[in-house]
1. To the nearest 10 degrees, how steeply does helix 323-334 sit against the main Cα axis of the chain, on a 0 to 90 scale?
2. Taking the chain as a Gaussian network, Cα atoms linked when under 10 Å apart, which of Ile252, Ile242, Ile297 shows the biggest mean-square fluctuation?
3. Give the carbon-plus-sulfur fraction of the accessible surface of region 202-349 in %, rounded to a whole number; probe 1.4 Å, heavy atoms of protein chains only.
4. Loop only by DSSP, 10 or fewer other Cβ within 10 Å of the Cβ. Give me the chymotrypsin sites (Phe, Trp or Tyr not before Pro) in region 84-178 that pass, ordered by residue number.
5. Gain in length, Ser17 to Ser157, computed as 0.36 nm per residue apart minus the alpha-carbon separation, to one decimal in nm?
6. What FRET efficiency comes out for Ser196 versus Glu75 if R0 is 41 angstrom and r is the Cβ-Cβ distance? Round to the nearest 0.05.
7. Please compare each pair in Lys36/Lys347; Lys51/Lys347; Lys149/Lys183 to a cut-off of 21 Å on the Cα-Cα distance and tell me which ones are over it.
8. Quick one: compute the contact order of region 25-115, relative version, from alpha carbon pairs under 8 angstrom and 6+ residues apart, as a percent.
Amino acid sequence: MKIIADENMPNVATLFSPFADVELVNGRTLSKEQVKDADALLVRSVTKVNKALLEGSSVRFVGSATIGVDHIDTEYLAEQGITFTSAPGCNAEAVADYVFSALGYLSLSKSLSWLGKKIGVIGYGNVGKTVYDRFLALGCNVCVYDPFKEQEIASGSVNFASLETVLGCAVISLHAPLTTTGKYPTQGMIGAKLLSGVQAGTTIISAGRGGVIDEVALRGRHHALQGALNIVLDVWQGEPLIDASTLAIADIATPHIAGYSKQGREKGTWMVYQAFCRFFDIPNPLDLEKAITAGRIRSIGIEKGPLTEEMLARSMHAIYDVARDDARLRGKYRAGSDRSTFDWLRKHYVERDEFNTCFVSNGKQADLKALRAIGFRVE
C-alpha cells in the first residue's frame, strides 16, 4: 500500500509506516504525477484536493489533518467513491490557547483590561465553542454569532447575537470558516460597513480563515481611529503572501499557526489515522494516549493574591507566549520575504505545548478556578 503524506503532518511516518509505504511531500506543491499510484492521500490545509489533482489516480482514501475542509472538493470525492475524513476539533484547545495568550500579551504590553469586558465570538464550531466556553467559565459576559448553529441549538443555552452586536464588544474573536456560497457566505463578511461600528480600544483577534475580514477596510478603520485598535492576526487575506500594510497595523502577527500546538497537531494526525484504520480494516490502532506527547513543563506554582490579568498572562506565557511567534515572523519579513517565507515559518515552527499539559497549584481558589477555565489542569 502506498501513502502520499504532507511532510508537515507530525508522527505521520511513525503511525502509518507499519502497514504502508509512506512518501512525504511538500503539500503546497503536490502534483498529479505524485499521487497517481497512491492508495491514500494525507494532507493539511495548503493542499487543494480536487479533480485536477486526483483524476486518473488510484487514491481511495483522503484524510486532512485539519478542522476546515474548504481546500477539499468533497462533492468530487463523493462522486468518485473516495472516502474522506478530516480532524474536526483537533486543534480547538490550541487555538483557544492562542487567543488567551494574545490577550495576556496585550494586557502586559498595552495594559489591556479584558476580564470584565464584553466578549464577542464569531463562529461556534469546535474552536469557537471552546473559546466561548473558556470566557464563560471565567465569568465573562460573552455572546456569539453563528446563524447556522443558532438554528440547531436550543434557544437560551447559548448567548447568540447579531453580527453587529458581536462587533460592538470590547474583544472580538473570529473563528469562522471561509465560504463563498450559501445563505451566509463569510468571504469579506466583515467589511467597511460593519467595521465602521467598531469603537476605539476594541481588540480584534482573527484566528479562523484569512479573507473573512476585508483587510483594506480593517486598515481604513484602524487609521480612522488613529491606531486605537488592538489587532491580532494569525490568518491573512492573501496567504501565503502577507500585505505589508496590514502587517504594519497588527500588534501580533503570526503565520496561521494558532492551532499549531504539538498536541493539537498530533491529535489531527491521530484522528486521520483512526479513520484510515477503520477504512482499511487494520486491527488494534494505537490509542490517543500513545500518540500524544506530554508537555515540557508539567506543573507550576503561583503566589496567592488577587485575580489579575497579569497573573493569568504570566501563567499562560510560562507554557506559550505568542510574542515569540510574532517576533519570529517579523524577523523573517524584515530580512526579505517571498511566497516561500510564510510556509517556511510553518514548516520550521518551534513546537509549543498546550495549557492542558500543565498542572497549577498553590494559588487562591479564585486564581485556580480562572486558570482551570482557560485550560490548565488544577491540583
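The values are calculated or read from the model by the stated rules, or taken from the named source; none is laboratory data. Every value quoted in this text rests on a predicted model; they were computed, and no experiment measured them. Methodologically, a virtual Cβ is constructed for each residue, glycine included, from the backbone with ideal geometry; neighbour enumeration extends over all protein chains shown. Ligands, DNA and RNA are stripped out before the accessible areas are found, and what is left, the full protein with its side chains, is counted by its heavy atoms. Shrake-Rupley method; radii C 1.70, N 1.55, O 1.52, S 1.80 Å.
1. Helix 323-334 and the main axis of the chain meet at about 70 degrees.
2. Result for the chain, Cα springs under 10 Å: Ile297 fluctuates most.
3. Carbon and sulfur together cover 49 percent of it.
4. Numbers: sites: Phe84, Tyr98, Phe100, Tyr105, Trp114, Tyr124, Tyr132, Phe135, Tyr145, Phe148, Phe160; in loops: Trp114, Tyr124.
Loop-located and lightly packed - none at all.
5. Details: separation 140, 0.36 × 140 = 50.40 nm, distance 4.49 nm.
Taking 0.36 nm per residue and subtracting the Cα distance, the gain is 45.9 nm.
6. Working: r = 37 Å, r/R0 = 0.91.
It comes to 0.65.
7. On the way: Lys36/Lys347 25 Å; Lys51/Lys347 26 Å; Lys149/Lys183 13 Å.
Correct reply: Lys36/Lys347; Lys51/Lys347.
8. Working: 115 pairs, mean separation 20.3, N = 91.
Relative contact order comes out at 22 percent.
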